[in-house]
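What follows is one structure encoded as structure tokens, with my remarks underneath.
The values are calculated or read from the model by the stated rules, or taken from the named source; none is laboratory data. Predicted model only: the values in this text are computed from it and were never measured. Cβ: placed from backbone, ideal geometry, glycine included. Neighbour counts: every protein chain shown.
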Amino acid sequence: MITKVTLRDKLISKGRKSLYLDFYPAIPHPKTGKPTRREFLGLYVIDKARAVIDKQHNSETIKIAESIRQKRENLLNKPEIYSEYEKQQLKIKEQGEINFVEYFQKLANKRKASNYDNWISALYYLETFTDGNLKFVDLNESVLEDFKDFLLTTKSKKSDKAILSRNSAVSYFNKIKATLKQAFKDGILQTDLNAKISPIKPEETRREYLTIEELNELVKTPFKNDLYKRAVLFSALTGLRFSDVKKMVWREMEYINGQGYFINFDHKKTKGVEVYPISEQAYNLTKGSENPKEMEQNKNVFENLTYSAYHNKQLAKWILEAGITKKISFHNFRHTFATLQLYNGTDIYTVSKMLGHKNLKTTQIYAKIVDEKKRNAADKIKLDL
């Protein structure tokens, strides 16, 4: 049976039409094997083009699409006229016409929760840099290096005045590298561009923390939001993130006679399963029964705990009232836990495990803080020589 291949278009966003091939009867999808009538080409024309340059763009793009249509029809109905090499070259050429920006967006849409927001932010800067159109055939090391420079010098979308932070640039460019890696796996890229492009080096940020003396001052200082006070002190004694403290339920708490209290739960950020002990002081901050199994198991340990700008202001005021001038957020209590553990002799591997870090390098930033404190302490003793 002869397969008819027709070039059609579909109106999409920003006044554009996406060109695609319509097969009749349907053909097997190259990846899933399921019958399909459509194959989008990653080629776009401008709807209602008036300007000469737009009309020229439409004309050239339609010629390319028509050429692909003709070759596809020949390949389906007269495969004998193409050698295997020519078929492969045709496939490579077609894949080169795929829009990298749209491919990136498809990967972004598969992400969930906070990671999705990060991908969408990266997409915003990619679209700004490319005007939403970058074919795989035009993707090379030079373009990627230019995009890297763009991220390091562009304005933040949150502020017209501020430059995008370096660590945000690091995160967004890493999303590009992940997309390149996936495109190579999918066979769209013929070379592993990800391996050829180095990431943006992150800058070390100062991780503010509280000393044990400052923590004790906070304990003694009244705070009208008792729930929030208990939650931040719990973080300081366990190293848990706000997200983990908020979602923790009583069934994840366990008391073992002669051993003490334990938490069994999944880290919200890293998705890692963790089982580790907490101190009796930390457990007492939950205001639970002596045995957590006596509590309502599916209920949150810190019920109704929320995080907002208002709570940040409350926290800042409480810290100032304790005589502490450092800029502290909820997350800094996690930094406090890590730093105080290392300062008091806990080995870095154990601290890394308790923080749920997958890589020891992530924990080493705290070790540098401790080394600096030791250096300062050593310099305090001076003799009149």
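Results, tabulated for the structure shown:
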{"quantity": "Selection from the stretch 118-136 of residues that are part of a helix (DSSP H, G or I) and over 20 Å from Leu152 (Cα atoms)", "calculated": "Phe136"}
{"quantity": "Count - residues of the stretch 183-237 that are out of contact with any Phe, Trp or Tyr (no Cβ under 8 Å at 6 or more places or on another chain), part of a helix (DSSP H, G or I) and over 30 Å from Ala322 (Cα atoms)", "calculated": "4"}
{"quantity": "Subset of the stretch 240-262 that is touching a strand residue (DSSP E or B) at 6+ places or on another chain (Cβ under 7 Å) and aliphatic (A, V, I, L, M) - its residue that is nearest to Glu294 (Cα to Cα)", "calculated": "Met253"}
{"quantity": "Long-range neighbours under 6 Å by Cβ, at least six apart or interchain, first residue in the same structural domain as Ala322 (by TED's automatic domain parsing) and at pLDDT below 95 within the stretch 211-224, second buried (at least 16 other Cβ atoms within 10 Å of the Cβ) and of a type outside the set (A, V, I, L, M, F, W, C)", "calculated": "Phe223/Lys229"}
{"quantity": "Total residues in the stretch 273-325, condition of a type in the set (Phe, Trp, Tyr) and within 31 Å of the chain's Cα centre (by Cα)", "calculated": "4"}
{"quantity": "Residues satisfying the stated conditions in the stretch 17-73, i.e. free of Cβ contacts under 8 Å to residues at least 12 places away in the same chain and of a type in the set (Asp, Glu)", "calculated": "Asp54, Glu60"}
{"quantity": "Candidates Glu252, Glu274 - the one that is out of contact with any Lys or Arg (no Cβ under 6 Å at 6 or more places or on another chain), under 18 Å from Phe234 (Cα atoms), at pLDDT below 90 and surrounded by 12 or more Cβ atoms within 10 Å (Cβ to Cβ)", "calculated": "Glu274"}
{"quantity": "Boolean, Lys175 is under 20 Å from Ile98 (Cα atoms) and in contact with a helix residue (DSSP H, G or I) (Cβ under 6 Å, 6 or more places away or on another chain)", "calculated": "yes"}
{"quantity": "Selected residue (only one of Asn344, Asn284, Asn332 is in the same structural domain as Gly260 (by TED's automatic domain parsing) and either touching a Leu at 6+ places or on another chain (Cβ under 7 Å) or in contact (Cβ under 8 Å) with a residue 12 or more places away in the chain (or both))", "calculated": "Asn332"}
{"quantity": "Any hit, the stretch 151-173, residues being among the small types (Gly, Ala, Ser), modelled with pLDDT of 90 or more and in a loop (DSSP other than H, G, I, E, B)", "calculated": "no"}
{"quantity": "Residue within the stretch 23-33 that is among the polar types (S, T, N, Q), at pLDDT below 90 and under 40 Å from the mean Cα position of the chain (by Cα) present", "calculated": "yes"}
{"quantity": "Only one of Lys34, Lys17 that is crowded, with 17+ Cβ neighbours inside 10 Å, farther than 18 Å from Val137 by Cβ and not assigned by TED's automatic domain parsing to the domain that holds Ile188", "calculated": "Lys17"}
{"quantity": "Long-range neighbours under 6 Å by Cβ, at least six apart or interchain, first residue surrounded by fewer than 16 Cβ atoms within 10 Å (Cβ to Cβ) within the stretch 163-190, second at pLDDT 90 or above and among the β-branched types (Val, Ile, Thr)", "calculated": "none"}
{"quantity": "Residue identified as of a type in the set (D, E, K, R) and at pLDDT 75 or above among Lys382, Lys358, Lys373, Lys313", "calculated": "Lys313"}
{"quantity": "Given (1) loosely packed, with under 12 Cβ neighbours inside 10 Å; (2) at pLDDT 85 or above; (3) part of a helix (DSSP H, G or I), number of the condition Ile319 does not satisfy", "calculated": "(1)"}
{"quantity": "Number of the exception - Gly345 against (1) over 16 Å from Leu218 (Cβ atoms); (2) under 30 Å from the mean Cα position of the chain (by Cα); (3) assigned to a loop (DSSP other than H, G, I, E, B)", "calculated": "(2)"}
